[in-house]
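Undergrad: Okay, handing you the structure first.
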Amino acid sequence: MDLILTAIVEMAQPFRMLMLVTGVFAGLIVGVVPGIGGLFAMALLIPMTYNMDAYAAFALLLGMGSVNTTSDTIPAILFGVPGSVGAAATVLDGHAMAKKGEAARAFGASYSASMIGGVFGALVLAAAIPVMRPLVLYLKTPDFFAICAFGLSIVAMLAGSQPLKGLAAAMFGMLASFVGIDEIAGIDRWTFGEIYLWDGLPVALVFLGLFGLPELASLLLRGSIQGNAEKPTYAGMWQGIMDTVREWPLVLRCSTIGSLLGAVPGVGIAVLDWIAYGYAARRPGAGPKFGEGNVRGVIAPESANNAKEGGSLIPTIAFGVPGSASMSILLGAFVVHGLVPGPDMLGKNAALTMSMVFSIAVANIVGAVTCLVLTRPLARIAQVSAAILVPLVVTFIVVGAYQTNMSAFDFALVIGVGAVGMAMKELNWPRSAFSLGFVLGPSLENYFFLAYQISGWSWLAQPLVLLLLGLAVVGVIRQTLAWIRARNAGGPLPPALPDIVAGAAMTLLALAALVTAATGFPFEAAIFPIITAGLLAVFSSVTTVQTALRWRRRAPSGSESQASQAHGEWTPATEPTMKGNLSVIGLCLALAVLILLVGHLAATFVFVAGSIMLLGVKSWRKPIVIAAVTTVFVYSVFDMLASQPWPTPWLGRVTGIF
C-alpha cells in the first residue's frame, strides 16, 4: 500500500499529469489518422523526453501508447478503414453497425469496452510482475508456435459458412507475409529484384488497402455511411455502454486474453484482436450474425487490444524482453533514463513501476471519456455525403501510405492490395482470414524453424503444444462439419463463374509459389513457404471443385442472388459495384500522381477541391474551404507532428519552384 501511495503522490505533480494528458491526446490523434500508427508516434516522442524525469517521460509515452487503440475505432466504425492494425477486427461489425444507423451505439460499446480492458490490463500488470518472470521463462519456442497456430485456427470461424475459403485466404495471407529477405537464410523471396520489397510488405499499408478501399467503394455507391436518416443520439451511445455492461463476462474474458497473450513476446496486437474476435464468434449470442453488425464483435476486440498494453509491459519490465514492437521502442527510453529492466524495477525503482500502472489506467479512463464526449458529433459524420467523405478519407490513406517509405511503390502497394480486397469482398473470400494469416505468417515460420532446429520433430510431443494444436484441429473440424451439414441442407449458392475463376487463379498461384520455393530457395527459407503453398493449393482447389459441382445444380438466378445477399461479405458484382470500385482506384491514382508531381500539400488541396466538385457538389466555395482545412490538417499531422523530410516533387526538380 505504501508503494501505491508513493506512486500516486509522485504522479500527482502538475507537470507529470500534464505530460500524461498530453500523451493521451497525442495518442488519440495518432489513432484517428490511418497510416501513422503508435509505433511511429512513440519513436517520435522519445527524443522529447530527454530532459524530463523518468516519471514524466513514461507518463507521456504510456499515455500515448495506451489510447491509440481507443481512437483507431473512429475510422474503423465510420469508414471501414482501420486506424491501426489493432482495429482490423472491429471493422467487420463496427462498420456494419454504422451502415445500419447504429454508429453511436458502436462507439459507446467500443469506448466503454476499451476503458475496462485498459484498466484491467493495468491491474494485471500490477499483480503479475512479481510472478511473471518464471511463467514467461517456462514457455519455450514450440509453445509460442502452438499459440500462433491456435490463433490461426480461428479463420474457419471468421469465414462463416465457408471454412475452406477462410483457410485458403489465410494461407494466401501467409504467402504474402513471406515476401522479403528471409531472416534465417538471408536470401530474398519473391522480391522480383525490387529493393522496396526487401523488408516485406508493410502491414499498415496492406490493411489500409485490404479493408479501406473496398469500403470506400461501397460508401460511394450508398451516398453516405448511414443507410437511413436516423439522427445519432445520446440514447444510442448509452445503449452501447449498456451492451458492454451486459456483456461483462465477455469483456473480462477478452481482457484476460489481451493481457496474458500481450505478455507473450511475438504475439502482436493484430493477432490478439482476431483471437478475441474468434472467441466471441464461438458464442454469438442474440442479435445479427457476426460480420453483419453484432455488437459483441466490437466489444471483444476492443477489450483485448487495450488490455494488451499492460500485458506487454510485463516481460519488458520483468526481464527486458519487449512484449510488442512498441515495447521494444520503450526499452530505448529505459536506456535514455538509466533504467535497467529486471529486479531493480521491482526493488529500488518499484515506485516508478507502479506509476506506469497508474499511467496506463488513468490514460485509458481519460481517453475513453474524451471519446465518449465526442461520440455524438462523430456519429453525425455518418450522415455526411459520400462526395465529401470519400475524397477526405482517400487523402489520408494515400498520404499516410506515402509517408511510410516515401516511395511510389507505397502507392502501388495500397492500390494493388485494395484491388485484391475488392475482389475478395465481391467473391466472399474473407479478408479477415487473409489479414490474420498475414500477421501470423512470420511468427509461425520463425517459431517453427527454431523449434525444428532445437528439437527436430520431438517438440510436437510436448504437452502444451499437443493441447493447443489439438484445440486448433478440433475447432477447424467442427466448423467444417457444420459447413457440410449446411451444404447438404441446401445452403446459399456461391457466385458461380467468377468464384471458379478466382479459385483456379489461387490454385495456380499456390503451385507457382510451391515450385519457385522448392527449386529456388535453400531448405531453411523454403520449408514453410512449401507447406503454406501446398495447403493453399489443396484448400483452393477443393473449394473450386465444390463450387463447380454446385454450379451444375444451381438455383434460378433470382434466388441465387437473394441467397448470396445473406452470405456475409458477398455483394453481387453488378455494373454499379464495378463503377464504385474503379472510381475509388481512380481517385487514389489521381492523388498519387499529384503528390509525385507537386508534393503532398499542393496535391491535397487540388485533389480534395477537385474531387468533391467532380463527385457532385456544385458550389465551389464549400469544396475550396474543405480543401483548405484538410491541407492545414495534413500539414499539422504529417509535417509538424511527424516532422520528416518529404521528397522533392517532380515539378520541383524540373522547375525549382517547390
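Undergrad: For the residue pair Thr516 and Ile184, what label-to-label distance in nm results when each label sits 7 Å from Cα along the Cα-to-beta-carbon direction?
TA: 1.9
Undergrad: Between their Cα atoms, which of Lys100/Lys165; Lys140/Lys289; Lys140/Lys308; Lys289/Lys618; Lys308/Lys579; Lys100/Lys618 are more than 32 Å away from each other?
TA: Lys140/Lys289; Lys289/Lys618; Lys308/Lys579
Undergrad: Right, here's the next one. For Leu471 and Trp238 in one chain, what is 0.36 nm times their gap in residues minus the Cα-Cα distance, to one decimal in nm? Kindly include the intermediate steps, with their values, before the conclusion.
TA: Values: separation 233, 0.36 × 233 = 83.88 nm, distance 3.75 nm.
Residue separation times 0.36 nm, minus the Cα-Cα distance, leaves 80.1 nm.
Undergrad: Oh, and also: Among Glu247, Glu309, Glu445, Glu183, what is the fewest-to-most ranking by other Cβ atoms within 10 Å?
TA: So the ranking, lowest neighbour count to highest, is Glu183, Glu247, Glu445, Glu309.
Undergrad: Taking neighbour counts of Cβ atoms within 10 Å as a proxy for exposure, in what order, fewest first, do Ser255, Ser455 appear?
TA: Ser455, Ser255
Undergrad: State, to one decimal in nm, how far the label point of Val373 lies from the label point of Tyr138, with both points 7 Å from Cα in the Cβ direction.
TA: Going by the 7 Å Cα→Cβ label model, 4.5 nm.
Undergrad: Between Arg380 and Leu221, with labels modelled 7 Å along Cα→Cβ, what's the label distance in nm to one decimal, could you check?
TA: Label-label distance for Arg380 and Leu221, simple model: 3.0 nm.
Undergrad: Separate question: Taking other Cβ within 10 Å of each residue's Cβ, how do Val476, Val545, Val606 sort, fewest first?
TA: Exposure proxy ranking, most exposed first: Val545, Val606, Val476.
Undergrad: Quantify how much of the Cα-Cα distance distribution of the stretch 594-655 extends past 13 Å, in percent.
TA: Of all Cα-Cα pairs in the stretch 594-655, 64 percent lie more than 13 Å apart.
Undergrad: If I stretch the segment between Trp248 and Val501 completely, what's the gain in nm (0.36 nm per residue apart, minus their alpha carbon distance), one decimal?
TA: Computed gain between Trp248 and Val501 is 86.6 nm.
Undergrad: At 0.36 nm per residue, and after removing the present C-alpha to C-alpha distance, how many nm does the segment from Ser407 to Met48 gain when stretched out fully?
TA: So the extension gain works out to 126.5 nm.
Taken together, the values in this text are just the output of simple stated rules run on the coordinates, not laboratory data. Note that the structure is a prediction, hence the values are computed from the model and not measured. Here Cβ is always computed from backbone atoms with ideal geometry, including for glycine, and neighbour counts include all displayed protein chains.
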